[in-house]
Amino acid sequence: MRYIIVGAGAVGGTIGARLHEGGHEVVLVARGAQLAALREDGLRFGTPEGLRTLRVPVADGPGGVALREDDALVLAVKTQDSAAALAAWAPRPVAGGGTAGERLPLLCAQNGVENERLALRLFRQVLAVCVWLPSGFVEPGLVTAAGTPVSGVLRIGGYPAGDGGATAAAVAADLAASAFSASVDAATMDWKHTKLLGNLGNALDAVAGPVEGDPLDGLRHRAMAEGAAVLAAAGIAHHDPQEQAALAGKAMTMGPVPGVGRSGSSSWQSLARGTGSIEADHLNGEIVLLGRLHGVPTPLNEALQRLANAFARAGRAPGSLTPAERRALLDL
């Protein structure tokens with residue numbers, strides 16, 4: 001199986017790097033400065049084992065890849081970029097006939113729970129991937145993964161239901177042989193909703209920086225409590241985020257990457273890179289949407305969604321919360 005990694009950032013770059021090191025065919029799909037850096041210098045990949053440069057084939061989009069019937073597409077862009085990526089890849093022809101949407105599996109290795117639904121509109125076979133992978137996009141061409149002895153814990157299942165069959169089993173086996181803890185799980189979407197609850201603090205991390213020991217830290221727990229109440233009202237199954245963290249901790253611990261400091265959450269990284277967008281609409285915003293649908297108030301998640309978007313649009317640096325904005329959050 002050849003893996004086409006659509007979105008070679010922190011998560012996509014790490015999955016692609018580890019599969020490449022495991023002897024699998026990989027194509028990294030990138031754009032802008034990341035594309036230029038990968039083409040010129042290769043992928044610089046840092047882990048607790050050290051920093052190395054990998055020469056992985058690179059493409060600038062679907063027009064740069066001649067799709068084969070043994071390809072699997074791994075969607076690793078932020079959710080706000082999913083619709084455009086899916087629309088670009090689904091109609092691409094596959095050798096032997098048909099299109100990518102008709103013939104190729106599409107794996108959603110992303111935060112949030114909206115990507116699979118978007119994908120199923122255009123792809124017949126969609127696999128959900130719950131990603132527990134501490135990684136960073138440090139600069140164009142440089143991606144780090146701090147997990148050890150594995151780089152991440154990945155659960156793979158079918159969408160909207162089931163274990164994903166032979167394709168999920170084959171992908172899990174390839175990942176498990178490539179420095180990941182990977183397993184097939186028919187309840188993967190339950191775990192993705194659990195991860196969603198844990199990600200509700202990403203917006204807070206992005207706008208305020210580390211909040212451990214700060215009164216703001218209580219807001220993280222309040223945002224998660226709002227989320228749990230909404231999921232209960234919607235009848236959506238999930239687990240305790242602490243249980244998920246404990247299970248991941250049995251397989252992986254965090255280690256230093258030589259010469260590279262630790263970065264914040266994926267939302268923090270979006271602000272640091274000045275991308276102009278952030279995933280809050282599909283993390284906190286998912287809870288806001290479900291709350292409105294089921295009559296559950298979600299004032300804190302709504303405030304965090306609004307504030308994170310304002311930071312992204314204005315190009316503000318991560319952690320630059322003003323005293324007035326801080327007071328407004330604490331007064332909620």
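The values are calculated or read from the model by the stated rules, or taken from the named source; none is laboratory data. All values derive from a computational prediction rather than experimental measurement. Cβ coordinates were reconstructed from backbone atoms using ideal geometry, including for glycine residues, and neighbour counts include every protein chain displayed. In case anyone asks, the SASA skips ligands and DNA or RNA and just uses the protein heavy atoms, side chains included. Shrake-Rupley method; radii C 1.70, N 1.55, O 1.52, S 1.80 Å.
Less than 14 Å from a label point 7 Å out along the Cα-to-Cβ axis of Asp41: which backbone N atoms in segment 229-269 qualify, by residue?
The answer is 260, whose backbone nitrogens lie closer than 14 Å to the label point.
Among Met254, Met224, Met189, which one shows the highest mean-square fluctuation when the chain is modelled as a Gaussian network with alpha-carbon springs under 10 Å?
The residue with the greatest mean-square fluctuation here is Met254.
Express in % the proportion of alpha carbon pairs of the chain at distances exceeding 35 Å.
17
Shape of segment 156-301 from its Cα gyration tensor (a ≥ b ≥ c, root eigenvalues): rounded if a/c is under 1.5, otherwise prolate when a/b > b/c, or oblate?
It comes out oblate by the Cα gyration axes.
Stretched out fully, how many nm does the piece from Arg326 to Met1 gain, at 0.36 nm a residue minus the Cα gap?
Result: 112.1 nm gained on full extension.
Going by a ≥ b ≥ c, the root eigenvalues of the Cα gyration tensor, does segment 72-112 fall in the rounded group (a/c under 1.5), the prolate group (a/b larger than b/c) or the oblate group?
prolate
Report the full-extension gain for the segment Ala251 to Ser277: residue separation times 0.36 nm, less the Cα-Cα distance, to one decimal in nm.
Computed gain between Ala251 and Ser277 is 6.1 nm.
Take segment 1-92, compute every pairwise Cα distance, and split them into 10 Å bins from 0; I just need the percent in each bin.
It works out to 17, 53, 27, 3, in whole percents.
With a 1.4 Å probe and every protein chain left in place, tell me how much accessible area Val211 has, in Å² to the nearest 10.
It works out to around 10 Å².
Can you give me the % of accessible surface on the chain that is carbon or sulfur? Probe 1.4 Å, all protein chains present, nothing else counted.
Roughly 54 percent of what the probe reaches on the chain is carbon or sulfur.
Which far-off residues, 5 or more places away or on another chain, put their amide H under 5 Å from the one on Val27, with H placed in the peptide plane?
When sequence neighbours closer than 5 places are left aside, the close amide H contacts are Tyr3, Ile4, Ile5.
Assuming a ≥ b ≥ c are the square roots of the Cα gyration tensor eigenvalues, decide whether segment 218-332 counts as rounded (a/c under 1.5), prolate (otherwise, with a/b larger than b/c) or oblate.
Cα axes put segment 218-332 in the oblate bin.
Residue by residue through segment 163-178, what is 3J(HN,Hα) from phi via Karplus (6.51 cos²θ - 1.76 cosθ + 1.60, θ = phi - 60°)? Round to whole Hz and write x for glycine and proline.
My calculation for segment 163-178 gives 9, x, x, 5, 5, 4, 5, 5, 5, 4, 5, 5, 5, 5, 8, 10 Hz in order.
Sticking with the crude label model, points 7 Å out along Cα→Cβ, report the distance from Ala314 to Arg117 in nm, one decimal please.
Here the modelled spin labels are 3.1 nm apart.
Give the calculated FRET efficiency between Arg55 and Ala232 to the nearest 0.05, with a Förster radius of 35 Å applied to their Cβ-Cβ distance.
Taking R0 as 35 Å, the efficiency between Arg55 and Ala232 is 0.10.
Regarding segment 23-64, what whole-number volume in Å³ per residue does the convex hull of its Cα atoms give?
With only Cα atoms used, segment 23-64 gives 78 Å³ per residue.
Report the residue, chosen from Gly152, Gly315, Gly141, that carries the largest GNM mean-square fluctuation when the chain is represented by alpha-carbon nodes joined by springs under 10 Å.
Gly315
Along the charge dipole of the chain, which of Gly7, Cys130, Gln242 sits closest to the positive end, that is, farthest toward it, with unit charges on the beta carbon of Lys, Arg, Asp and Glu (+1, +1, -1, -1)?
Gly7
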